[in-house]
Amino acid sequence: MNKTKRKIFEASMKLFAEKGYDATSIEEITATVGVAKGTLYYHFSSKEEIFNFLIEEGVKLLKNSIAIKTGNLENYLDKLRAIVLIQIKILVKYESFITIILSQIWGNDPRSQMCRKYVFEYIQMIEEIVKEGIKRGEIIEGDANVIASGIFGFICSSLIYKMRHESEEIDIAKLDKEIEKSFIRKLKK
């Protein structure tokens with residue numbers, strides 16, 4: 001991604017997270033980035049295309065990071081631990097992305113449907129790891145979808161924690177240990 005496209009991407013993500021998609025205008029994006037509309041339209045044909053690109057790139061980053069980190073692990077509980085840590089890190093680094101995707105999953109408009117599709121694909125990725133862990137006897141018996149959704153939801157609720165403690169930086173290692181102790185450890189068979 002070139003420098004201008006990255007600036008548009010980052011400014012849009014920040015504005016969409018702060019103001020919402022509908023309340024953010026192309027004019028605000030171009031003013032924030034400091035480019036002319038023509039430059040923005042050279043990279044993206046519409047605000048909707050910016051939004052779609054933002055969601056696709058964010059989910060791709062999350063899924064690729066998890067595939068890389070879990071690919072070399074043998075134990076399925078260790079794979080879940082890796083997922084937790086990666087999702088926390090991405091949540092902290094790309095808070096705006098998580099805010100956008102979670103705020104847009106409700107409803108039936110095309111944006112909501114797209115966000116839901118990507119969230120469900122990601123949860124399904126976790127679910128496959130849970131199913132295999134159950135099959136191998138490393139993870140307790142249970143509904144793999146509920147467990148996977150719980151992992152995703154438990155970590156996303158960290159965003160609420162961050163909002164309540166806005167003056168403090170999230171201690172990634174501490175939060176990871178808390179989720180391990182409160183949730184992941186209890187999945188061990």
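Please give the helix 172-182 orientation as an angle from the longest Cα principal axis of the chain, in degrees from 0 to 90, rounded to the nearest 10. Taking the Cα atoms of the chain, the angle to 172-182 is about 40 degrees.
If you keep only loop residues by DSSP, which chymotrypsin sites (Phe, Trp or Tyr not before Pro) in the stretch 28-109 have at most 14 other Cβ atoms within 10 Å of their Cβ? Answer in residue order: Trp106.
Of Lys135/Lys181; Lys69/Lys186; Lys69/Lys135; Lys14/Lys181, which pairs sit farther than 28 Å apart, going by alpha carbon to alpha carbon? All intermediate terms of the calculation are to be shown ahead of the outcome.
Details: Lys135/Lys181 23 Å; Lys69/Lys186 22 Å; Lys69/Lys135 21 Å; Lys14/Lys181 33 Å.
The answer is Lys14/Lys181.
Consider the candidate values [x] 109; [y] 126; [z] 332; state which one is volume of the Cα convex hull per residue in Å³ computed from the structure displayed. Identified label for the calculated read-out: [y]. One chain, two ends: Tyr41 and Val146. Fully extended at 0.36 nm per residue, the span grows by 33.6 nm beyond their Cα-Cα distance. Taking amide hydrogens as placed 1.01 Å from N in the peptide plane, the amide H of Ile139 sits under 5 Å from those of Ile134, Lys189, each at least 5 positions away in sequence or on another chain.
Converting phi to 3J(HN,Hα) with the Karplus coefficients 6.51, -1.76 and 1.60 and the offset θ = phi - 60°, the stretch 80-87 yields 5, 4, 5, 4, 4, 5, 5, 5 Hz in sequence order, with x at every glycine or proline.
Dipole magnitude for the chain: computed about the Cα centre from +1 point charges on Lys and Arg Cβ and -1 point charges on Asp and Glu Cβ, it is near 400 debye. Extension gain, Asp171 to Lys3: 0.36 nm times the residue separation minus the Cα-Cα distance gives 57.4 nm. The Leu102 and Glu74 beta-carbon pair, evaluated with R₀ = 35 Å, returns a calculated FRET efficiency of approximately 0.60.
No lab work stands behind these numbers, since they all come straight from the coordinates. Remember, it's a predicted structure, so these values are computed and weren't measured experimentally. Please note: Cβ atoms are built from the backbone with ideal geometry, for glycine as well, and neighbour counts cover all protein chains shown.
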